[in-house]
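Peer 1: Please read through the structure below; I'll follow up with questions.
The values are calculated or read from the model by the stated rules, or taken from the named source; none is laboratory data. This is a predicted model, so every value here is computed, not measured. Positions of Cβ are backbone-derived with ideal geometry, glycine not excepted, and every protein chain shown enters the neighbour counts. The accessibility values were calculated without ligands, DNA or RNA, using every heavy atom of the protein model including side chains. Shrake-Rupley method; radii C 1.70, N 1.55, O 1.52, S 1.80 Å.
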Amino acid sequence: MRNGDVSYWWHVRGGFPPRRTSLPKPQEADVCIVGGGYTGLWTAYYLQGMRPDLRVVVLEAAFAGYGASGRNGGWVTSALPGSRARYARGPQGPAGVRALEAALRSTVDEIGRVCDAEGISADFVKGGRISVATSPSQLARLRAGLAHDRKWGDGEDIVKFLPRDEMRERINVAAALGGLYWPDSARIQPAALAEGLAAAAERRGADIYEATPVTAILPAKSGAAAIARTPFGDVRAKSVLRCTEGFTAGLPGSRRALLPMNSSMVVTEPLPDSAWKDIGWDGFETLGDEAHAYMYAQRTADGRIALGGRGVPYRFASGTDSFGVTSPETVAALGEVLRRMFPAAAAVGLEQAWCGVLGVPRDWCASVTYHAASGIGWAGGYTGHGVAAANLAGRTLADLVVGVSSDLTSLPWVGHHSRSWEPEPARWAGVHGLYALYRLADRLETPVPGAPGTPDAIEAASDALGDTRTGSARGAGGSARVALGEALGRVGDAISGIPH
Ligand SMILES: Cc1cc2nc3c(=O)[nH]c(=O)nc-3n(C[C@H](O)[C@H](O)[C@H](O)COP(=O)(O)OP(=O)(O)OC[C@H]3O[C@@H](n4cnc5c(N)ncnc54)[C@H](O)[C@@H]3O)c2cc1C
């Protein structure tokens, strides 16, 4: 099994793309974008679309798509990157939250539209997203989530319950008790999107310089331009935009702005037809579960399962990985999840493992911000829901920089401020403690074979009731062990502030 090499998504494209030149000399630009991931590239793409006359320069430390944008699970999800309640504290209240959610749903189509328009073959399939419950506790959580969504006004067109049989008909996940289905979600090949987008931004006129790390971002002062400093000289621009998400802590002054949360993935060898016959997954839905330390997966265009989860959650002092190399324990744990959920894939080996960092703000709510006076802007903190969000953020940053007042610039994440993360070692201890708690909660919630509250017992109870309204684990005869697991999960949520 290959480990690292940034991601399978790059490997299957034949390796890293040909390297673009570094910044050749100090330069002047209208807009300088730091970071060549989706956020930076979409911003460049839309800016040049609106204003082809602007000189837009992208400075990328490695290569376009080196970060999370070339490593992710390929969910183009309309899921909100943050908490409704927190965004609702903004001036537009709940209406602003609904506007942001609607904008994210239409963003899924916008990404598909640009892929078509620009000839980007990114395996885009809008098959929806499923969250599956594989234990009674997960099912209870899933139902509580659905009730919460309904209170916020989400109808059946936005999210609907999948009874057990319908769930298994779509994707035969072992022990599935039910699921939720959101139609506004698509699956992509992440690196293909990053590479295609970089080329599209260049066709519109943007200059991308690679192997060009920015060492400092300095605001505009007394009429002078803002500055992005690099080992090859400064880029002076009216606007400098920080689009470095999980890598932001590496920039002076931003050390505690976004926590680089690690996420790890494995991809199987191609599954034989017999396995796909058993599993189904013909709709190419993106798939997650309701565990506290949740998993996410997709059926790839080349007949594999790519599956991810938290693994080592965080490296001390906001460290990042080396080309995605992943610990053997994490690979083993993800392999176990894969075999547990898809016994039909158990005989197939793993082809590659990798990991990457995504940006998490202290209040778990993303932000798109631009200060015209200093010329400094940024976007990120999508907490693992960044593929669609980065497109919306890029369009929004483009409007803000050009000075256009639009529906996008009044969305509640614009100008959203989150406080800084705690200094070390509190940051490391907090994140590792939280995920230890979540893993314990997941273990306790997993029914012990033969005990009351096992999926089979729950299924039997719900069949006997003649409906699929399976209640909480306790209501269905779950044990004190399960109740403790659920309580620990809630404690974790309360401590972390992770929105549900
Ligand atoms: C394993 C994994 C799975 C994920 N799965 C999903 C998913 O399925 N769906 C979803 O919605 N989200 C997912 N995410 C999150 C999503 O991928 C990110 O939120 C999104 O790609 C962020 O894009 P970005 O451009 O802001 O950051 P990145 O893609 O990380 O790009 C930042 C870029 O900035 C560059 N850079 C950093 N520092 C500097 C510097 N000083 N100077 C110059 N350049 C610099 C980096 O090299 C990098 O290329 C996942 C993330 C990971 C890691």
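Peer 1: Relative contact order of segment 95-231: what whole-number percent is it, with Cα pairs under 8 angstrom and at least 6 residues apart?
Peer 2: 27 percent.
Peer 1: Test of understanding: express the Cα radius of gyration of segment 278-352 as a ratio to 2.2 N^0.38 Å, with N the residue count.
Peer 2: Segment 278-352 yields a ratio of 1.20.
Peer 1: While we're here: Excluding same-chain residues fewer than 8 positions from Lys277, which lysines have a Cα within less than 18 Å of its Cα?
Peer 2: Straight-distance partners of Lys277: none at all.
Peer 1: With the contact rule set at Cα under 8 Å and sequence spacing of 6 or more, what percent relative contact order holds for segment 249-403?
Peer 2: Across segment 249-403, relative contact order equals 27 percent.
Peer 1: Here is a follow-up. At a temperature of 10 °C and a viscosity of 1.306 mPa s, determine how fast segment 161-253 diffuses translationally according to Stokes-Einstein, using the Kirkwood radius over alpha-carbon pairs as Rh; express D in µm²/s, rounded to the nearest whole number.
Peer 2: In µm²/s, the coefficient rounds to 89.
Peer 1: Which ³J(HN,Hα) values in Hz, rounded to whole numbers, follow from the phi angles of segment 381-391 under the Karplus curve 6.51 cos²θ - 1.76 cosθ + 1.60, where θ = phi - 60° and Gly and Pro get x?
Peer 2: Going residue by residue, I get x, 7, 6, x, 10, x, 5, 6, 4, 5, 5 Hz, with x marking Gly and Pro.
Peer 1: Count the DSSP beta bridges whose two residues both fall in the chain, then state the antiparallel fraction as a percent rounded to the nearest 5.
Peer 2: Expressed as a percentage, antiparallel bridges in the chain total about 65.
Peer 1: While we're looking at this one, here's another question. Running Debye on segment 69-164 with equal point scatterers at the Cα sites and no solvent, what base-10 log of I(q)/I(0) appears at q = 0.21 Å⁻¹?
Peer 2: -1.20
Peer 1: I'd like the Karplus ³J(HN,Hα) series for segment 238-255: coefficients 6.51, -1.76, 1.60, θ = phi - 60°, whole numbers in Hz, and an x wherever there's a Gly or Pro.
Peer 2: 5, 10, 10, 10, 8, 10, 10, 4, x, 9, 4, 4, x, 9, x, x, 10, 4
Peer 1: Counting only Cα, what are the radius of gyration and maximum Cα-Cα distance Dmax of segment 265-419, in Å?
Peer 2: 19.4, 61
Peer 1: So what is the relative contact order of segment 1-138, in percent, for Cα pairs below 8 Å that sit 6 or more residues apart?
Peer 2: 18
Peer 1: Write down the Å³ per residue value for the convex hull defined by the alpha carbon atoms of segment 254-302.
Peer 2: Given the Cα convex hull of segment 254-302, per-residue volume reads 134 Å³.
Peer 1: How much accessible area per residue does the chain have, counting only protein heavy atoms and a probe of 1.4 Å, in square angstrom?
Peer 2: Normalised by residue count, the accessible surface of the chain is 38 Å².
Peer 1: Which lysines, if any, have their Cα less than 29 Å from the Cα of Lys151, not counting same-chain residues under 8 positions apart?
Peer 2: Straight-distance partners of Lys151: Lys126, Lys160.
Peer 1: Any idea what the alpha-carbon Rg over 2.2 N^0.38 Å comes to for segment 24-87?
Peer 2: Dividing the Cα Rg of segment 24-87 by 2.2 N^0.38 Å gives 1.39.
Peer 1: For Lys25, give me every one of the lysines with a C-alpha distance below 28 angstrom, ignoring sequence neighbours fewer than eight places off in its own chain.
Peer 2: Filter leaves Lys221, Lys238.
Peer 1: Would you kindly derive the ³J(HN,Hα) couplings of segment 270-276 from the backbone phi angles with the Karplus curve 6.51 cos²θ - 1.76 cosθ + 1.60 (θ = phi - 60°), listing them in order in whole Hz, with x for Gly and Pro?
Peer 2: x, 7, x, 4, 4, 5, 5
Peer 1: What is the ratio of the Cα radius of gyration of the chain to 2.2 N^0.38 Å, where N is its residue count, to two decimals?
Peer 2: Against the empirical 2.2 N^0.38 Å value, I get 0.96 for the chain.
Peer 1: Quick one: helix 38-50 against the long Cα principal axis of the chain, what's the angle to the nearest 10°, folded into 0 to 90?
Peer 2: 50
Peer 1: In what sequence, highest mean first, do 133-143, 348-358 appear when ranked by Cβ atoms within 10 angstrom?
Peer 2: Descending mean neighbour count gives 133-143, 348-358.
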